[in-house]
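Reviewing the structure listed below.
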Amino acid sequence: MRVYFSYAFKETFSNLWRNRMMTVAAVLTVAVSLSLVGGSLLLKQSAAQATASWEQSTPVRVWMQPTATPGEISAVRSQLAQLPIVKSCVFTTKQQDFKEARLVISVSDLQFLTVADMPTSFRCTPTVPLDALTVETTFQHQPGVYRVTAPDQQIRAMAHTIRILQVVFLALAAVLLLSASVLILNTIRMAIFTRRREVSVMKLVGATNWFIRVPYITEGFVQGLLGSGVAMLAVWAFHTWYPLHNEFALDTAKVWGTNVVVLVAGVGIGSVGSAIAIRRFLDV
Amino acid sequence: MRVYFSYAFKETFSNLWRNRMMTVAAVLTVAVSLSLVGGSLLLKQSAAQATASWEQSTPVRVWMQPTATPGEISAVRSQLAQLPIVKSCVFTTKQQDFKEARLVISVSDLQFLTVADMPTSFRCTPTVPLDALTVETTFQHQPGVYRVTAPDQQIRAMAHTIRILQVVFLALAAVLLLSASVLILNTIRMAIFTRRREVSVMKLVGATNWFIRVPYITEGFVQGLLGSGVAMLAVWAFHTWYPLHNEFALDTAKVWGTNVVVLVAGVGIGSVGSAIAIRRFLDV
Amino acid sequence: MIRFENVSKTYKNGTPALTNISLDIEKGEFVFLVGASGSGKTTFLRLLLREELADHGRILEAGRDIGNLPRWRVPYLRRNIGCVFQDYRLLPNKTVFENVAFALEVIGRPRSTVENQVPQILELVGLGAKSKNLPGELSGGEQQRVAVARAFVNRPLILLADEPTGNLDPVNSESIMALLERINRTGTTVVMATHDKALVDRMRRRVVELDRGEMIRDQVRGVYGVEEGLAI
Amino acid sequence: MIRFENVSKTYKNGTPALTNISLDIEKGEFVFLVGASGSGKTTFLRLLLREELADHGRILEAGRDIGNLPRWRVPYLRRNIGCVFQDYRLLPNKTVFENVAFALEVIGRPRSTVENQVPQILELVGLGAKSKNLPGELSGGEQQRVAVARAFVNRPLILLADEPTGNLDPVNSESIMALLERINRTGTTVVMATHDKALVDRMRRRVVELDRGEMIRDQVRGVYGVEEGLAI
Ligand SMILES: Nc1ncnc2c1ncn2[C@@H]1O[C@H](COP(=O)(O)OP(=O)(O)OP(=O)(O)O)[C@@H](O)[C@H]1O
Ligand SMILES: Nc1ncnc2c1ncn2[C@@H]1O[C@H](COP(=O)(O)OP(=O)(O)OP(=O)(O)O)[C@@H](O)[C@H]1O
Ligand SMILES: [Mg+2]
Ligand SMILES: [Mg+2]
């Protein structure tokens, strides 16, 4: 057994070195594909995080008329609580709104404002940003309601765009993983093809099937490992050199999580690709 | 000469067919890479278009005090005209603002509004959305200026994101084109490698170097052509099945333009890749 | 040791290579397989290695029907059979030493055995000085001798040799034949396909002649051909 | 036709293959190249094809120093030389017909010539029935005959044959030799490396003997070896 391990080890690395051009190409392929997968995952997470933060920062606001009766207010409140598309609502009193107004309105105008002038309002977070529109149409003509302000048109377009981008990134990641597998499979197929004669000789001198297979499998494994190593560096470099700002910024844990996915994918693709290639093309 | 053309033609296609597994793999590689390039180009154009449209729809607005003197107004106007970061400005009079206000404010409130109450304002389009901030700080404390409203925080974040995405897409496209070239080169290298014996025989029976080279070059060309054909279909399918909405929607001409780029890239990569592979590995 | 029972083999493209061959070879025998080019000699040897399967009939080796052998047992069958191929079948990426060592490594022999026996056998075939060369750097006859060394190195029970002297000058042929005889004397069964008339005539061993796939002669202490007149 | 002037060749790994060879071969001559395995016969032929370059000395073919030939002229040189290799060098993806036709297509012969001459030459080497087979589906001797057919088909000025009968039985050898003689009678210079003692002794043509890269004999109407005692 020890003899065999040392044989398989030696064989794997001498094959990798002998076909170093091909090794480099395979590693490069995996690296490119997995960098893209990693990048897509980062962007996807980042977009998801930004969307979540926007949901927090731009609530639908249901403004009550300054003259609204407590009955009208509590009617709206209970209705909001029942609406499934509304995640949570906070009621702001005239005092709170007045305080907020003082922060945004210039001092010269402030003299005309009194607490009584201020409307009261509900700040509501819809379950998904696009539901804001529904909230708006529902409460617009409610008695005692002055106006409903929802995140404006651009915010809505943006949320939509981000959802499309998420779909696109996921699709890209899937296609790229597939193509990386096909390419590793192909590389190993070519390796086997160029060594067909070698394999036939091995079979004739009495090598068992596993004896022949193992070096190819470890070869694919090493290629996958190297490729995902490069991809992990690329993901890390991307994260370091192009840090995303504001709501998009990702913390280190998420980047590491992405790198773990990249590593597992690379190693899996390498081993599975070579195993399939051997099954299909080696006939051992 | 006619004999030669028919030979090269026959040889190219019988090679493609004999190594059909490899042909499929190479075509797939090119197709995947170029689909991504095409997709990236589409998204880039779409993002650029959306940004442009937002620039139009959310101008920086410089509001004058209702009491501003004509001198103050013209001072602001000339200053705006000189600012290089401002693309264009429109002056809206009290009447126009009043008309606009009637569209957004509910009828019950309208009775309190008079034309005289309305401020006058400049709607300005900054050269790039992010310059809005500069306009804001510049005019905030100008005499006669009531307030400057700029596209809000989210819009700015969005513009920033889109610029990052453009960079990322361009980088992706570059990396993918590079990797597609490496992969075609590698495929043809492998093709040559597996046919090294064949080439050495050709040389020994007196085939000239061009005689040997041409079928490989046309082989690469055909692979590139097929690959970009598939990629063009993918781009078209993407455009048809996931139409982008609102500001992102692209017209057919732009999609065709992208497809032309994809085609040229595929054919170029195929021919150049095989030419380089032959130079490097065929030694003829 | 080896028994053919009404064996026939037709290749996939319809070429009949062997027709209804029945034959017994005892342990320790030395058999020459002769016949014109394309008469089925190589096919005969490939059937013994289970590189091809017979269409009809049975082939028994050491009492086992090799046609019924499960796939995973085939490598173990082959470990008892050494073979020298007409086209050498050396690994082009490995040196002469590695090519020969390979036959031992495959069956799990320890490194010490390999380092002991390989130089010895290479010396025996006259290639001690070329053990670090790649097969591409050898002459045709030298490659043939490497193939012979590889077939010998693990002392198989049966030795199949297809034209092992086809590319060798008379002197080198002679020494390879001497080696084959030595191996045969240790009890190894040797089956050798050859065109070398002088050699067969001189050795006077059992001769099996094939003609277009049929066995037309099986002669103890035979000669190469009966109609010698033609060859001159 | 062919002239060697103090030619030496050492391979990159330091193996000396030919040492200080000087030799003249006239147009229409038939020369046997003999010598032990590894003595440099194949190297001699490869130098003539400019597959390798000599380290020292000059090789002239039809009055031209082939060492000075620009690279792009090399294919045209080779069109005048037919060659049969020890390892056949057939294209494994092409059928027998295509392999032979290839030698004509490469030099731009029209389709009609190809379709006319190829079946003819295949008939001549006894492979008319196998023209649609791939080389992998042929026996060793049959592959060798395909190689011979390919070398003949475009009627070259010089014919180099490396062991063209190594894998052939005496009857087939005989017919190949008859073919080579016929070609030679039409004025083609033939250089043939061989180990077939019987054949050389019977033909009584010029014999050049190499020994470890040195030319030790150049005999008109010679025999295979002088020290025949050893071979028996
Ligand atoms: N793989 C194959 N597929 C189809 N036909 C084959 C194959 N191998 C051999 N043949 C045919 O089978 C017949 C016998 O071939 P075989 O190789 O056994 O002959 P042989 O006696 O070894 O000849 P030689 O002395 O020339 O080597 C030949 O006619 C050959 O063309
Ligand atoms: N490509 C090569 N690189 C290095 N050494 C080589 C190469 N080809 C041949 N040799 C060596 O050069 C010497 C002469 O080889 P060559 O092939 O010319 O012999 P040969 O006379 O044809 O022998 P044979 O009868 O066995 O074919 C041998 O010692 C061989 O090992
Ligand atoms: Mg044979
Ligand atoms: Mg030789």
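The values are calculated or read from the model by the stated rules, or taken from the named source; none is laboratory data. What you are looking at is a predicted structure, and each value in this text was computed from that prediction instead of being measured. When we count neighbours, we look across all protein chains shown, and the Cβ atoms used for this are built from the backbone with ideal geometry, even at glycine.
A few comments on the model shown:
- Test result for D:E123, in a helix (DSSP H, G or I), modelled with pLDDT of 90 or more, more than 16 Å from ligand 3 (Cβ to nearest atom) and acidic (D, E): yes
- Residue that is modelled with the lowest pLDDT, among those in the stretch A:1-54 that are among the charged types (D, E, K, R) and touching a helix residue (DSSP H, G or I) at 6+ places or on another chain (Cβ under 6 Å): A:K44
- All of (1) out of contact with any strand residue (DSSP E or B) (no Cβ under 7 Å at 6 or more places or on another chain); (2) at the interface with chain C (Cβ under 10 Å from one of its Cβ atoms); (3) crowded, with 23+ Cβ neighbours inside 10 Å hold for D:Q86 with one exception: (1).
- D:T95 within 16 Å of ligand 1 (Cβ to nearest atom) and within 13 Å of chain C (Cβ to nearest Cβ): yes
- Qualifying positions in the stretch C:92-106 - surrounded by fewer than 19 Cβ atoms within 10 Å (Cβ to Cβ) and not charged (D, E, K, R): C:P92, C:N93, C:T95
- Residues of the stretch D:126-137 satisfying the condition of being surrounded by 19 or more Cβ atoms within 10 Å (Cβ to Cβ) and either in a helix (DSSP H, G or I) or within 16 Å of ligand 4 (Cβ to nearest atom) (or both): D:K130, D:P135
- For C:T42, the conditions (1) under 18 Å from C:P164 (Cβ atoms); (2) crowded, with 19+ Cβ neighbours inside 10 Å; (3) touching a Lys or Arg at 6+ places or on another chain (Cβ under 7 Å) are fulfilled apart from (3).
- Subset of the stretch B:273-284 [in contact with a helix residue (DSSP H, G or I) (Cβ under 7 Å, 6 or more places away or on another chain) and either outside any helix (DSSP H, G or I) or not aromatic (F, W, Y) (or both)]: B:G273, B:S274, B:A275, B:I276, B:A277, B:I278, B:L282, B:V284
- Condition check for D:D201: away from ligand 3 (no atom under 16 Å from the Cβ), free of Cβ contacts under 8 Å to residues at least 40 places away in the same chain and buried (at least 24 other Cβ atoms within 10 Å of the Cβ): no
- D:D211 vs. criteria out of contact with any Leu (no Cβ under 8 Å at 6 or more places or on another chain), closer than 22 Å to D:G40 by Cβ and within 16 Å of ligand 1 (Cβ to nearest atom): no
- Within the stretch D:54-83, the only residue that satisfies the criterion of being crowded, with 20+ Cβ neighbours inside 10 Å, more than 9 Å from every other protein chain (Cβ to nearest Cβ) and among the small types (G, A, S) is D:A54.
- For the stretch D:131-189, the set of residues classified as of a type in the set (G, A, S) and either within 14 Å of chain C (Cβ to nearest Cβ) or without any contact (Cβ under 8 Å) to a residue 60 or more places away in the chain (or both) consists of D:S131, D:G136, D:S139, D:G140, D:G141, D:A147, D:A149, D:A161, D:G166, D:S173, D:S175, D:A178, listed by residue number.
- Flag for C:L18 being in contact (Cβ under 8 Å) with a residue 24 or more places away in the chain and under 24 Å from C:R185 (Cβ atoms): no
- In the stretch B:200-223, the qualifying residues are those that are touching a residue at least 40 places away in the same chain (Cβ under 8 Å) and at the interface with another protein chain (Cβ under 10 Å from one of its Cβ atoms), and the one that is surrounded by the fewest Cβ atoms within 10 Å (Cβ to Cβ) is B:N209.
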